[in-house]
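Below is one structure, written out as structure tokens; the observations come after it.
Read the figures in this text as sums done on the coordinates, not as results from a lab. Note that this is a predicted model, so its numbers are computed, not measured. Note that we place each Cβ from the backbone using ideal geometry, even for glycine, and neighbour counts take in every protein chain shown.
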Amino acid sequence: MSNITMENKTIDTQKIKRTERIKKAVLYLLLTLWSIIVIFPFYWMILTSVKSYSAYNSEYVPKFYTLSPTLKNYIDAFTAVPLSRYFFNTFIFTVVTTAIMMVVVVLSAFAFARLDFKGKDIVFALFLSLMMIPNELVVITNFVTITNLDMRNSYIGLILPSVTSVFYIYFLKENFEQIPEELYKAAKVDGTSDFKYLLKVMIPISRPTIVTIAILKVIECWNSYVWPRLITDKQEYYLVSNGIQEIRENGFGRENIPAMMAAVVVISVPLIVLFLIFHNKIMEGVSRGGTKG
């Protein structure tokens, strides 16, 4: 009887293992297919960028390879328009905007998470209600304000409307509140100022979330299109995202798709490298920010 029982257990174990292997195989297959779907546009972009203009136009049926790659399109991307100037403008815009926003977000999140002041809950509720306003209305208001202040075609006009974010304040506040309040009370007993406590305790503990916010803001600034397009009409203030349109219209023309793809590759590389370097910190920060207790 015991032998039969042992055989049944062995059979059941084998069935469970077989089922687990099938599930894992199906999962890996789906992940592989999804990876191909996600990666293919990038592959096609790079492939097109190394095809010559004549070779690209001679393909009645698109080919998934090229036997004569060329870097001429990348040279054209930097010579047809001042792409290096667009990179410099974008770098200044991204660094300054992110730096100012991080100061605003960290101080605001600390105030809402630890400081006690009259009407704090009401003010925070009003802050959150701003997230319900459609972005188009905010853009119109900002455009009118910046125009009336005569800040169009300037770095201040580009940067000023982007130096805060209600979502990031809320995100970091939730993370700050996970830090035990006893630490704050103990620091106050020792005579530590709020600012010193923020610098020495809260920021180091919440570093993954702060790094995540900074990276997400950098990506947001680098991809910014609508606002720079509205507020600038002079080439010396164009960002790389707006430079694409300038390249298409006044650079090498709408029909030169390989050169356009080369410009897009050059513009995309910094963000891809940034993500590959910090993707672990991004995931860590997101997971910390979404966990309470």
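Could you tell me whether the stretch 4-146 comes out rounded, prolate or oblate from its Cα gyration tensor? Rule is a ≥ b ≥ c as square roots of the eigenvalues, rounded for a/c under 1.5, then prolate if a/b exceeds b/c, otherwise oblate.
oblate
Please sort through the DSSP H helices of the chain and keep those with an alpha-carbon extent of at least 24 Å along the long axis and a Kyte-Doolittle average not below -1.0.
2-49, 83-114, 257-289
With +1 on each Lys and Arg Cβ and -1 on each Asp and Glu Cβ, how big is the dipole of the stretch 83-289 about its Cα centre, in debye rounded to the nearest 20?
So the dipole magnitude of the stretch 83-289 works out to roughly 300 debye.
For the ranges 30-40, 58-68, what's the packing order if you count other beta-carbon atoms within 10 Å of each residue, average per peptide, and put the highest first?
Sorting 30-40, 58-68 by mean packing, highest first, produces 30-40, 58-68.
Could you give the distance between the Cα centres of the stretch 99-122 and the stretch 129-203, to the whole Å?
So the separation of the two Cα centres works out to 7 Å.
Could you tell me which of S224, L276, T145 has its Cα farthest along the dipole of the stretch 83-289 towards the positive end, charges placed at Cβ (Lys, Arg +1; Asp, Glu -1), taken about the Cα centre?
L276
If the only charges are +1 at each Lys and Arg Cβ and -1 at each Asp and Glu Cβ, what is the size of the charge dipole of the stretch 107-171 around the Cα centre, to the nearest 20 debye?
The dipole magnitude comes to about 140 debye.
Indicate the gyration tensor shape class of the chain (rounded, prolate or oblate), computed on the Cα atoms with a ≥ b ≥ c the square roots of the eigenvalues: a/c under 1.5 is rounded; otherwise a/b larger than b/c is prolate and the rest oblate.
oblate
What lysines could a cross-link reach from K173, if we take a straight Cα to Cα line under 24 Å and drop same-chain neighbours fewer than 8 places away?
K118, K120, K185, K188, K196, K200, K217, K281, K292
When I46, I133 are ordered from fewest to most other Cβ atoms inside 10 Å of their Cβ, what list results?
Going from sparsest to densest Cβ surroundings: I133, I46.
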